[in-house]
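The values are calculated or read from the model by the stated rules, or taken from the named source; none is laboratory data. Owing to the predicted nature of the structure, the values given are computational and were not obtained by experimental measurement. Every residue, glycine among them, receives a Cβ derived from its backbone with ideal geometry; neighbour counts consider all protein chains shown. Each accessible area value is taken on the protein alone, full model and side chains, heavy atoms only, with ligands, DNA and RNA left out. Shrake-Rupley method; radii C 1.70, N 1.55, O 1.52, S 1.80 Å.
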Amino acid sequence: GYYGLLTASVFDSKYKGSDGVWRNSVFNNRYVVNFLAGKEFKVGKDKRNALTSDVKFTTSGGRWFTPIDLEESKIQGREVLVQNEAFSKQYPYYLRLDVKFGFRLNSKKKKISNSFYVDFQNVTFQKNIFESRYNPRTQQISNVYQIGFFPDVMYRITF
């Protein structure tokens, strides 16, 4: 009734620009680690249905980005990137913890099952940066964050 999965990737993603300089690509997180663990509890008179619960942890290095030239952006009234520093800065690492609970109802003939889940994503309320943007109205650079805590309800039919 227990299950688990651990995956890890270590990599280096770079490109060589037309100027002959090797740079990080936007995807050069350098590592990604995922860990999933759970338990299935058989329930019902004939133990053919199941309650499930699991936890999933994900982390990776931060994405690389090109810095914004704040002074030039203010002058031009739009976002201006520092092109000769392409993908030279890195956001903080990504971190997310999810918790999921479910119920699976299996038919007597074992030809179909119905599953219901409630998945609580990012239960630690981690503020993971997606990107930074220049706002011409405020003349400031601000971060755009990935989704925060998110409860997700799912239904799946398997046949």
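Structural remarks
- Percent RCO, i.e. relative contact order, over region 18-145, from Cα pairs under 8 Å lying at least 6 residues apart: 23 percent
- Ranked order, Glu71, Glu85 - accessible area, probe 1.4 Å, largest first: Glu71, Glu85
- Net charge contributed by nearby residues that have their C-beta within less than 10 Å of Asn128 (K/R +1, D/E -1): +3
- Of all the options Ser18, Ser115, Ser53, the one that moves most in a Gaussian network model of the chain with Cα springs shorter than 10 angstrom is Ser18.
- The listed residues Asp46, Asp119, Asp152 rank as Asp46, Asp152, Asp119 when sorted by accessible area, largest first, using a 1.4 Å probe.
- Rounded accessible area of Tyr15 (nearest 10 Å², 1.4 Å probe): 80 Å²
- In order along region 5-17, the Karplus-derived 3J(HN,Hα) couplings, from 6.51 cos²θ - 1.76 cosθ + 1.60 at θ = phi - 60°, round to 8, 10, 10, 8, 10, 10, 7, 9, 10, 10, 9, 10, x Hz, and Gly and Pro are given as x.
- Value of D in µm² per second that Stokes-Einstein yields for region 76-141, Kirkwood Rh from Cα pairs, at 25 °C (0.890 mPa s): 145 µm²/s
- For region 27-35, putting each phi into the Karplus relation 6.51 cos²θ - 1.76 cosθ + 1.60 with θ = phi - 60° gives couplings of 8, 7, 5, 6, 7, 9, 10, 10, 9 Hz, in residue order, rounded to whole numbers and with x for Gly and Pro.
- Carbon + sulfur, % of accessible area of the chain - ligands and nucleic acids excluded, 1.4 Å: 58 percent
- 222 nm mean residue ellipticity, helices alone, for the chain (DSSP H n ≥ 4; -39,500 (n - 2.57); rounded to 500): -1000 deg cm²/dmol
- Dipole orientation for the chain: of the candidates Gly44, Phe87, Val33, Gly44 has the Cα lying most toward the positive pole (charges on Cβ; Lys, Arg +1; Asp, Glu -1).
- Once both labels are positioned 7 Å from their Cα atoms along Cα-to-Cβ, the gap between Gln146 and Tyr31 label points is 1.6 nm.
- Directionally averaged shadow of region 4-95, computed from the convex hull of its alpha-carbon atoms, nm²: 9.6 nm²
- Taking all protein chains into account, the per residue accessible area for region 45-148 stands at 64 Å² (1.4 Å probe).
- Since only Gln139, Phe120, Phe149 are under comparison, the one whose Cα sits farthest along the positive direction of the charge dipole of region 100-159, derived from C-beta charges on Lys, Arg, Asp and Glu, is Phe120.
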